[in-house]
1. Can you tell me which condition Val347 does not meet? The list is (1) open to solvent by less than 20 Å² (accessible area, probe 1.4 Å); (2) without any contact (Cβ under 8 Å) to a residue 12 or more places away in the chain; (3) of a type in the set (A, V, I, L, M, F, W, C), and all the others hold.
2. Of all residues in the stretch 104-121, which are in a helix (DSSP H, G or I) and either surrounded by fewer than 18 Cβ atoms within 10 Å (Cβ to Cβ) or at pLDDT 90 or above (or both)?
3. Touching an Asp or Glu at 6+ places or on another chain (Cβ under 8 Å), part of a helix (DSSP H, G or I) and either open to solvent by 30 Å² or more (accessible area, probe 1.4 Å) or at pLDDT 95 or above (or both), is that true of Leu214?
4. Restricting the search to the stretch 365-382, which residues are farther than 17 Å from Val213 by Cβ, open to solvent by less than 60 Å² (accessible area, probe 1.4 Å) and assigned to a helix (DSSP H, G or I)?
5. So, of the residues in the stretch 29-86 that are of a type outside the set (A, V, I, L, M, F, W, C) and in contact with a Phe, Trp or Tyr (Cβ under 6 Å, 6 or more places away or on another chain), which turns out to be farthest from Ile180 (Cα to Cα)?
6. Restricting the search to the stretch 350-364, which residues are open to solvent by less than 50 Å² (accessible area, probe 1.4 Å) and in a helix (DSSP H, G or I)?
7. Could you count how many residues in the stretch 218-242 are closer than 20 Å to Leu366 by Cα and buried (at least 24 other Cβ atoms within 10 Å of the Cβ)?
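The values are calculated or read from the model by the stated rules, or taken from the named source; none is laboratory data. Just so you know, these numbers come straight off a predicted model, no measurement behind them. No Cβ is skipped: glycine too gets one built from the backbone with ideal geometry, and neighbour counts run over all protein chains shown. Remember, those area values only see protein heavy atoms, side chains included, never the ligands or the DNA or RNA. Shrake-Rupley method; radii C 1.70, N 1.55, O 1.52, S 1.80 Å.
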Amino acid sequence: MSGGVLLGIGVAWMAGVAIVGLCWPRTERLPLIASLALGGAIGPFAVGVAFLAGGTAGVPAARSVPVIGALTMMAAAWVAWRRWRLPLSRGPRTPLVVLLVVASAIVWSTWVAGRTHLGWDGTVVWYHKARMLAASDGAMPSTALADPTRSWTAPDYPLHVPLAMAWVRAWQPDEDERAIKWLPAAWCAAVWLLVAAAVLERTRSAAWTTAAVLLLVTAPRLLVGEGSYTSGYADGPLAGGLAALLWIVWRSDDDETGIWQPLLVTLAVVVACTKQEGLVAVAVAGAMSAWRAGRWSRGAFAVPAIAVALGWQAWAVWHGAPPGMAYEWPGLSGAVERVGPIAAAYVGEWLDVGVWGGLWPGLAILLWAQRKSVAIGPLAILATTSFFGALAFVWSDWPSVSMHLNVTVPRLIAATAPSMIVVACGAGSSPKRT
């Protein structure tokens, strides 16, 4: 059963690589490691959307899946031929030590993924929808959204993860929930590749790149637990998508012609459709980009993503899905009282070496060593996004705010950890200005 799942994931990754090849400017060098990293972040969502479109149009999965697979292979072959003709496609080789470290990280995280569970959200919120989508040939049954017995599955949550899971499920002759864990393992591999690609491009240093990857892969909380990259939660793909968006936003900060807009729009849509926190990150990135450039068009890449994400929310609520956000204004005095516990929860997480390993001390060292080249723009985006994430707990409607903090704060931090590493190494800065 895993063979079909692996084939489906391979097709999805190939689709992502093809999209990256089409969107990446032909005047810019496209390293192979960057192509693979971005392809792993984009591909599962792309084929999931195609699967959804086919199901909505009434095409049975037995027909839509092979058609999507065939089109993917043809597109990948054409893009590879198209880019190979460009002199810029043949960039400097990735250092052997970086390849070995990234390969070891992928093997290690994949082994861990095969021995951990999907988790509550992975099974209930995401895989539950994936099974419905697969059973409906890719279409989302609107009646299920209004079913009060399914309100605990957060019907209005974004569709990136369940669509990708439904795509993988369509490649299984018989259902095997354990085989779905190959998908989080693939997303996790894309995160390691992405950090390596971004840091290597900016620093040109195999040592810094190796250190960046090792800091992440040796943090226990990123590999094990609710919301870890190897679980079935959306925090792993969000972590990769957010780091990719920050990297490309500031890699293209000298762009005056809009040649990076297709890739930026694609990444923004992926991030906004992964989690509701992703929508906030995209809005902040767009606003910051427009402000720094002094023109609104610089942040226009966020508009389609915001429209798609809000459109899904509106469609789901229109069909009777109850809003799943457990938030309500507690009053001014209640909000003020929560500021202290919220700050203490974040500080407590950062100080827990047993959970995060050497990630935070290592990050501090990276920031100090790279202090002259740290990109202020992506750092501001990351800080603002994290601030809004922390601020949301002021509106918590959980019976116990402390429980809400204990469950969610580690996941919010995990989703931003790769971005912190990328920013700390100055990888958000434009190579042209380096």
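1. Exception for Val347: condition (1).
2. Of the residues in the stretch 104-121, the ones in a helix (DSSP H, G or I) are 104-113, 119-121.
Within the stretch 104-121, Ser104, Ala105, Ile106, Val107, Trp108, Ser109, Thr110, Trp111, Val112, Ala113, Trp120 meet the criteria.
3. Values: touching an Asp or Glu at 6+ places or on another chain (Cβ under 8 Å): no; part of a helix (DSSP H, G or I): yes; either open to solvent by 30 Å² or more (accessible area, probe 1.4 Å) or at pLDDT 95 or above (or both): yes.
Considered against the rule, which asks whether it is touching an Asp or Glu at 6+ places or on another chain (Cβ under 8 Å), part of a helix (DSSP H, G or I) and either open to solvent by 30 Å² or more (accessible area, probe 1.4 Å) or at pLDDT 95 or above (or both), Leu214 comes out as no.
4. Passing the criteria: Gly377, Pro378, Ala380, Ile381, Leu382.
5. Within the stretch 29-86, the subset of a type outside the set (A, V, I, L, M, F, W, C) is 29, 31, 35, 39-40, 43-44, 48, 54-56, 58, 60, 63-64, 66, 69, 72, 82-83, 85.
This time we only want the ones that are in contact with a Phe, Trp or Tyr (Cβ under 6 Å, 6 or more places away or on another chain), so: 39-40, 43, 48.
Details: Gly39: 19, Gly40: 16, Gly43: 16, Gly48: 14 Å.
If we take residues in the stretch 29-86 being of a type outside the set (A, V, I, L, M, F, W, C) and in contact with a Phe, Trp or Tyr (Cβ under 6 Å, 6 or more places away or on another chain), then Gly39 is farthest from Ile180 (Cα to Cα).
6. Of the residues in the stretch 350-364, the ones open to solvent by less than 50 Å² (accessible area, probe 1.4 Å) are 355-360, 362-363.
Those that are open to solvent by less than 50 Å² (accessible area, probe 1.4 Å) and in a helix (DSSP H, G or I): Val355, Trp356, Leu359, Trp360, Gly362, Leu363.
7. Final tally of qualifying residues: 4.
A quick yes/no check of all residues on (1) without any contact (Cβ under 8 Å) to a residue 24 or more places away in the chain; (2) in a helix (DSSP H, G or I); (3) over 19 Å from the mean Cα position of the chain (by Cα):
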{"position": "Ala283", "(1), (2), (3)": "yes, yes, no"}
{"position": "Ala287", "(1), (2), (3)": "yes, yes, yes"}
{"position": "Ala305", "(1), (2), (3)": "no, yes, no"}
{"position": "Val308", "(1), (2), (3)": "no, yes, no"}
{"position": "Gly311", "(1), (2), (3)": "yes, yes, yes"}
{"position": "Ala316", "(1), (2), (3)": "no, yes, yes"}
{"position": "Pro322", "(1), (2), (3)": "no, no, yes"}
{"position": "Gly334", "(1), (2), (3)": "yes, yes, yes"}
{"position": "Glu337", "(1), (2), (3)": "yes, yes, yes"}
